[in-house]
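Chemist: Take this structure, written in structure tokens, and hold onto it; I'll ask about it next.
The values are calculated or read from the model by the stated rules, or taken from the named source; none is laboratory data. Because the structure is a prediction, the values reported are computed rather than measured. Reconstructed Cβ throughout: ideal geometry from the backbone, glycine too, with neighbour counts over all protein chains shown.
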Amino acid sequence: MKVAVLYGGISPERNVSIAGGLAVIKALKELGHEVVPIDPAFGTNGKQTMEEIISPSNSISLEELAKFDSKKIIECIHSELFDDIDVAFIVLHGKYGEDGKIQALLELRGIPYTGSNIKASAIGIDKLASKMLFLAAGITTPQWMTVRPKDYGNYDYFEDIRSELGNELVIKPNDQGSTIGITIVDSGNLDDINHGVEEASKFSEIVIAEQFIEGREITVGIVGGEALPLIEIVPEEGFYDYEHKYTKGKTEYICPADVSEDIAEFMQNQALSAYNILGCSGFARTDFRLDDEGQPFLLEINTIPGFTSTSLVPMAAKEVGIEFPELCERIIQLVFDKNNNHVEENKE
């Protein structure tokens, strides 16, 4: 099968995406597929060799990324690079990759692609929309308030946030991943809240101020509508930020997580409920906080989670005997499985 692996892109998660793309490319070649590596950030010149992918010049700063023209992505998808492609394996993260835009372009070209469709992708990256759907499905999620441009620097509003949500807060962009732009406020200090909003607003117009949940960080991966074993994430210190996610040795991962069977089953069911209500397909990852009383709080769902051989979904899959190349193959096959989304209400 001729597979285009899409990686890189123009979001702040570019470097993470490149690492995932490399892993998928190697796995698919090992399986005998004809692989076409494509970085859509470079438009019609997006096809790359392995040497170009790993070149230091392929790592682009946030300042340089901000200058990239998103029209290049449109040119790339509509170019001859995709003329004979059987399926696109998307390993792009964040904007112009995980938000439904690349999915829409591929659909216009009539090219099948891995993961969730346009609508589920767009909702999944939108934390505000996702949280509203979680509540509608009866899934517990931390309380939150939104901070819009008119509220930036408004200390009276920040006081309302503190009064409503407490002194311990998570301030984050509405539509970013990899903990980019996140600030933990543990003092209730209004200047700290303002600083958090300033940081988050660099990446998203809408900012989420969320109640901080004391407890354990747990993630539940999903492949083909089936929940994988839970993983507990234990950072060396502080919270699970970008550095802890992508620096070897900074975080301990416990798989399967040391929780009771009842809690594990409940969290897997909650993860599947979120996956289904958003209309996800293929694979995804749900992130939770588990408080000291054993109550899980769903933080978000990632429709294109990290995908190196040591990322969380592959780690959980390996726990049930699915090695990384087989996982990649399954995800491709799910593209052609009409029943892989497991959304029963759509079958009625």
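Chemist: Does any residue in the range 180-198 that is outside the structural domain of Arg162 (by TED's automatic domain parsing) come within less than 6 Å, Cβ to Cβ, of a residue that is crowded, with 16+ Cβ neighbours inside 10 Å six or more places away or on a different chain, and which pairs are these?
Modeler: Taking only residues 6 or more apart or on different chains, not a single pair turns up.
Chemist: Turning to a different aspect of this structure: In the range 190-206, what count of residues is obtained for those that are within 16 Å of Leu165 (Cβ to Cβ) and either touching a Phe, Trp or Tyr at 6+ places or on another chain (Cβ under 8 Å) or not aliphatic (A, V, I, L, M) (or both)?
Modeler: Residues meeting the conditions: 6.
Chemist: Among the candidates Glu80, Glu98, Glu52, Glu107, which residue alone is acidic (Asp, Glu), in contact with a Leu (Cβ under 8 Å, 6 or more places away or on another chain) and assigned by TED's automatic domain parsing to the domain that holds Lys26?
Modeler: Answer to the selection: Glu98.
Yes/no per residue for (1) at pLDDT below 95; (2) part of a strand (DSSP E or B):
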site: Val197; (1), (2): no, no
site: Lys202; (1), (2): yes, no
site: Thr219; (1), (2): no, yes
site: Ala227; (1), (2): no, yes
site: Ile231; (1), (2): no, yes
site: Lys245; (1), (2): yes, no
site: Val259; (1), (2): no, no
site: Asp262; (1), (2): no, no
site: Asn269; (1), (2): no, no
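Chemist: Are there any pairs with C-beta distances below 6 angstrom linking a residue in the range 103-126 that is at positive phi to a residue that is of a type outside the set (S, T, N, Q), with the two at least 6 apart or on different chains, and if so which?
Modeler: As it stands, the answer is Gly115/Ile90; Gly115/Gly282; Gly115/Ile304, since those pairs meet every condition given.
Chemist: Give the range 1-34 a look and list any residue that's buried (at least 19 other Cβ atoms within 10 Å of the Cβ) and closer than 19 Å to Asp84 by Cα, or say none.
Modeler: Val3, Ala4, Val5, Leu6, Tyr7, Ile25, Leu28, His33
Chemist: Oh, and also: Give the range 161-175 a look and list any residue that's exposed (fewer than 14 other Cβ atoms within 10 Å of the Cβ) and not in a loop (DSSP other than H, G, I, E, B), or say none.
Modeler: Matches in the range 161-175: Ser163, Glu164.
Chemist: Out of all the residues in the range 137-153, which are out of contact with any Asp or Glu (no Cβ under 9 Å at 6 or more places or on another chain) and surrounded by fewer than 22 Cβ atoms within 10 Å (Cβ to Cβ)?
Modeler: Pass one, the range 137-153, residues out of contact with any Asp or Glu (no Cβ under 9 Å at 6 or more places or on another chain): 137-140, 146-147, 150-151.
Hits for the range 137-153 are Ala137, Gly138, Ile139, Thr140, Thr146, Lys150, Asp151.
Chemist: Restricting to the range 191-210, give me the number of residues that are surrounded by fewer than 16 Cβ atoms within 10 Å (Cβ to Cβ) and in contact with a helix residue (DSSP H, G or I) (Cβ under 8 Å, 6 or more places away or on another chain).
Modeler: Residues meeting the conditions: 1.
Chemist: Just to verify a result, which residue in the range 290-316, among those that are small (Gly, Ala, Ser) and out of contact with any strand residue (DSSP E or B) (no Cβ under 6 Å at 6 or more places or on another chain), is farthest from Glu214 (Cα to Cα)?
Modeler: Ser309
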